[in-house]
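Okay, structure first, notes after.
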Amino acid sequence: MLKSVEISTKRRTEFIDVTDMLRKIVSDSRVKDGICLVYTPHTTCGITINEYADPDVVKDIAAQLEKIAPQNAAYSHVEGNSDAHIKASIIGSSESIIISNSKLILGTWQGVFLCEFDGPRKRTLYIKLLEG
Amino acid sequence: MLKSVEISTKRRTEFIDVTDMLRKIVSDSRVKDGICLVYTPHTTCGITINEYADPDVVKDIAAQLEKIAPQNAAYSHVEGNSDAHIKASIIGSSESIIISNSKLILGTWQGVFLCEFDGPRKRTLYIKLLEG
Amino acid sequence: MLKSVEISTKRRTEFIDVTDMLRKIVSDSRVKDGICLVYTPHTTCGITINEYADPDVVKDIAAQLEKIAPQNAAYSHVEGNSDAHIKASIIGSSESIIISNSKLILGTWQGVFLCEFDGPRKRTLYIKLLEG
């Protein structure tokens with residue numbers, strides 16, 4: 001099963017919690033056991049799994065990524081968003097989550113986030129459920 | 001096929017080689033060809049694949065991650081483990097490995113590691129085998 | 001379906017665009033819907049998805065990774081390629097891409113790259129197509 005979802009981001013850097021949406025897609029599907037691949041088809045955003053309970057955690061992740069790849073450093077690419085491309089490759093374009101008994105196996109504190117590094121923009125998220 | 005394993009880590013930062021355990025799970029299963037997803041449901045540890053032969057390699061990886069996200073930098077999250085969350089997102093929560101002829105396809109020097117960034121703790125590892 | 005491909009890299013650090021090759025493997029296969037796992041069995045290279053149109057983007061990614069893990073910093077591993085191992089773990093050994101209607105779902109600007117961090121070498125790439 002394949003689904004796509006549109007998400008409008010509001011800031012240049014923003015981690016959007018998509019966990020509840022993913023849980024609903026999985027429970028609405030007929031896939032009892034398998035894998036859920038969450039994929040973003042953009043080159044300046046990524047997908048990560050981390051703590052959802054305290055929003056300061058993803059704030060710290062975004063801030064540290066900015067130290068690792070500052071927006072205003074000297075880059076070759078002239079569009080002014082090289083840092084966003086670098087952050088996207090560090091975080092990665094997708095995450096795979098196990099489906100068991102029609103539910104995502106996520107830890108108590110785990111949430112799934114679309115990581116916007118060059119917003120605000122309209123973004124697409126693909127969710128592929130593989131049975132097995 | 002889904003399996004979970006408990007692992008007790010002993011230090012704050014520790015890379016634990018789980019390769020032999022994964023090989024045994026795969027050879028004990030009936031999955032001849034497919035994918036093995038190794039997943040950690042925690043927000044302060046990750047999974048990586050790198051050299052197992054010389055333990056200095058993962059020591060260098062852990063040390064450089066500490067330079068990228070130092071434990072004692074100024075963070076918003078007040079639990080004192082923001083660095084561990086950041087390292088977890090850089091490394092990622094899972095790895096996918098190909099299964100062929102009832103064996104994991106790993107390179108000569110590749111080992112699979114649970115990366116503890118906020119131990120010592122009791123950790124869970126999920127191993128999902130998908131046939132196909 | 002499992003395929004392996006040999007790639008000869010020419011420089012120490014090099015991002016090689018394998019997108020067209022992957023598209024051909026997928027269209028030549030009988031897999032209509034599923035997942036394509038691109039995997040490198042080496043410990044000093046990785047796989048990433050990022051912009052292919054402007055080669056300056058991957059040049060910036062490689063240059064920033066060199067700032068994050070410089071080749072000539074002080075490391076424990078004595079082979080002189082610790083930076084390459086660290087970069088490999090940051091980027092990751094694989095990427096998963098959705099297959100829909102016998103085609104890879106990639107964004108307009110997305111390309112798939114083998115990231116060489118310790119070349120020139122002969123490298124292997126495994127491509128696993130999982131139907132579902």
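Take C:Ser82 and decide whether it is surrounded by 19 or more Cβ atoms within 10 Å (Cβ to Cβ), within 9 Å of another protein chain (Cβ to nearest Cβ) and in contact with a Gly (Cβ under 9 Å, 6 or more places away or on another chain).
Numbers: surrounded by 19 or more Cβ atoms within 10 Å (Cβ to Cβ): yes; within 9 Å of another protein chain (Cβ to nearest Cβ): yes; in contact with a Gly (Cβ under 9 Å, 6 or more places away or on another chain): no.
So C:Ser82 fails the test.
Of all residues in the stretch B:42-59, those that are more than 8 Å from every other protein chain (Cβ to nearest Cβ) and either in contact with a helix residue (DSSP H, G or I) (Cβ under 9 Å, 6 or more places away or on another chain) or in contact (Cβ under 8 Å) with a residue 12 or more places away in the chain (or both) total 7.
Here's a check for you: in the stretch C:24-41, which residue that is polar (S, T, N, Q) and assigned to a loop (DSSP other than H, G, I, E, B) is nearest to the other protein chains (Cβ to nearest Cβ)?
Going through the stretch C:24-41, the residues polar (S, T, N, Q) turn out to be C:27, C:29, C:40.
Applying the additional criterion that residues be assigned to a loop (DSSP other than H, G, I, E, B) yields C:29, C:40.
Details: C:Ser29: 12, C:Thr40: 8 Å.
Among them, the one singled out is C:Thr40.
Can you find even one residue in the stretch B:62-75 that is of a type in the set (Gly, Ala, Ser), touching a helix residue (DSSP H, G or I) at 6+ places or on another chain (Cβ under 9 Å) and closer than 23 Å to B:Asp20 by Cα? The answer is yes, given that some residue of the stretch B:62-75 is of a type in the set (Gly, Ala, Ser), touching a helix residue (DSSP H, G or I) at 6+ places or on another chain (Cβ under 9 Å) and closer than 23 Å to B:Asp20 by Cα. Taken over the stretch A:27-60, the residue count meeting the criterion of being touching a Cys at 6+ places or on another chain (Cβ under 6 Å) and farther than 15 Å from A:Thr124 by Cβ is 1.
When the stretch A:8-22 is examined, which residues are found to be touching a Lys or Arg at 6+ places or on another chain (Cβ under 7 Å) and surrounded by fewer than 18 Cβ atoms within 10 Å (Cβ to Cβ)? The one that is touching a Lys or Arg at 6+ places or on another chain (Cβ under 7 Å) and surrounded by fewer than 18 Cβ atoms within 10 Å (Cβ to Cβ): A:Ser8.
Against the list (1) more than 9 Å from chain C (Cβ to nearest Cβ); (2) out of contact with any helix residue (DSSP H, G or I) (no Cβ under 8 Å at 6 or more places or on another chain); (3) surrounded by fewer than 23 Cβ atoms within 10 Å (Cβ to Cβ), the condition B:Ala88 fails is (3).
Evaluate the following for B:Lys3: is it of a type in the set (D, E, K, R), within 18 Å of C:Ile90 (Cβ to Cβ), within 12 Å of chain A (Cβ to nearest Cβ) and touching a residue at least 24 places away in the same chain (Cβ under 8 Å)? Outline the logic, then answer.
Working: of a type in the set (D, E, K, R): yes; within 18 Å of C:Ile90 (Cβ to Cβ): no; within 12 Å of chain A (Cβ to nearest Cβ): yes; touching a residue at least 24 places away in the same chain (Cβ under 8 Å): yes.
So B:Lys3 fails the test.
Restricting attention to the stretch A:91-132, the residues that are more than 11 Å from chain B (Cβ to nearest Cβ) and either farther than 25 Å from B:Thr124 by Cα or assigned to a strand (DSSP E or B) (or both) add up to 16. Of all residues in the stretch B:60-114 being in contact (Cβ under 8 Å) with a residue 40 or more places away in the chain and over 23 Å from B:Ile7 (Cβ atoms), which is farthest from the chain's Cα centre (by Cα)? Out of the qualifying residues, it is B:Asn101.
Scanning the stretch C:26-41 for residues that are buried (at least 21 other Cβ atoms within 10 Å of the Cβ) and free of Cβ contacts under 8 Å to residues at least 24 places away in the same chain gives no hits.
Okay, residues lined up against (1) farther than 30 Å from B:Ser102 by Cβ; (2) among the acidic types (Asp, Glu):
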{"site": "B:Asp28", "(1), (2)": "no, yes"}
{"site": "B:Pro41", "(1), (2)": "no, no"}
{"site": "B:Thr48", "(1), (2)": "no, no"}
{"site": "B:Ala63", "(1), (2)": "yes, no"}
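Each reported figure results from applying straightforward, stated rules to the coordinates on display, with no laboratory input. Please read all numbers here as calculations on a predicted model, not as lab measurements. For neighbour counting, all protein chains shown are included, and Cβ atoms are generated from backbone atoms with ideal geometry for every residue, glycine included.
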